[in-house]
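I have placed the structure first, in the form of structure tokens, so that the comments after it can refer back to it.
Each reported figure results from applying straightforward, stated rules to the coordinates on display, with no laboratory input. All values derive from a computational prediction rather than experimental measurement. For neighbour counting, all protein chains shown are included, and Cβ atoms are generated from backbone atoms with ideal geometry for every residue, glycine included.
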Amino acid sequence: MEKTDPASLPDYLLDDQIGYILRRVTQRHLAIFSEAIPQVTTTQFAVLARLRQLGPLSQNLLGRETAMDAATIKGVVDRLTRQGYVTTAPDPEDRRRLTVALSAEGEALYAQVVGKALAVSASTLDPLSASERATLTALLLRLV
């Protein structure tokens, strides 16, 4: 392998890289979330929130609706099922498909923590003004 002259390499300042910045913001958000809502993780709460919004869904569609791949959504659903927050059942129209629904316990937990979840989002964005929050959200949505 040919040696590269270090002086010819472009500067790569980690602190200026978007992936690094987003990861640090995510770590801050996760810390705020886990302090406020220790019962579930952010991904587990996303499943509860989407099921509350849309009703029972196939596990596959639930994964798409929460931006999780098949392996991740399966693990999240399995953990939520063990915790009693969701139920699963074979789809009556396609027995190969699994339908996921909020349980009564899941509904109760959602009702208990949804206000806290909104406060977590506000706290994550707290250093920004209202207009900066709107701009940041709009710009990030353009990246997805």
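Annotations for the structure displayed:
- When the chain is treated as a GNM with alpha-carbon contacts under 10 Å, the residue of Ser121, Ser34, Ser129 showing the greatest mean-square fluctuation is Ser129.
- Set of the stretch 115-130 residues, backbone N closer than 20 Å to the point 7 Å along the Cα-Cβ line of Gln53: 115-125
- Within the listed set Ala119, Ala130, Ala70, the residue fluctuating most in the Gaussian network model of the chain (springs between alpha-carbon atoms under 10 angstrom) is Ala130.
- Loop sites in the stretch 72-136: trypsin sites (Lys or Arg not before Pro), DSSP, at most 11 other Cβ within 10 Å: Arg95, Arg96
- Enclosing the Cα atoms of the chain in their convex hull gives a volume equal to 189 cubic angstrom per residue.
- Between Thr42 and Ala134, the modelled labels are 2.5 nm apart [label points 7 Å from Cα along Cα→Cβ].
- The chain: relative contact order as a whole-number percent, Cα under 8 Å and 6+ apart: 22
- On the basis of the beta-carbon distance and an R0 of 30 Å, Leu13 and Leu143 show a calculated FRET efficiency of 0.90.
- Under the convention that each Lys and Arg Cβ holds +1 and each Asp and Glu Cβ holds -1, the size of the dipole of the chain around its Cα centre is about 420 debye.
- Under the simplified labelling scheme, the His29-Ala67 pair shows an inter-label distance of 0.7 nm, with each label point 7 Å from Cα along Cα→Cβ.
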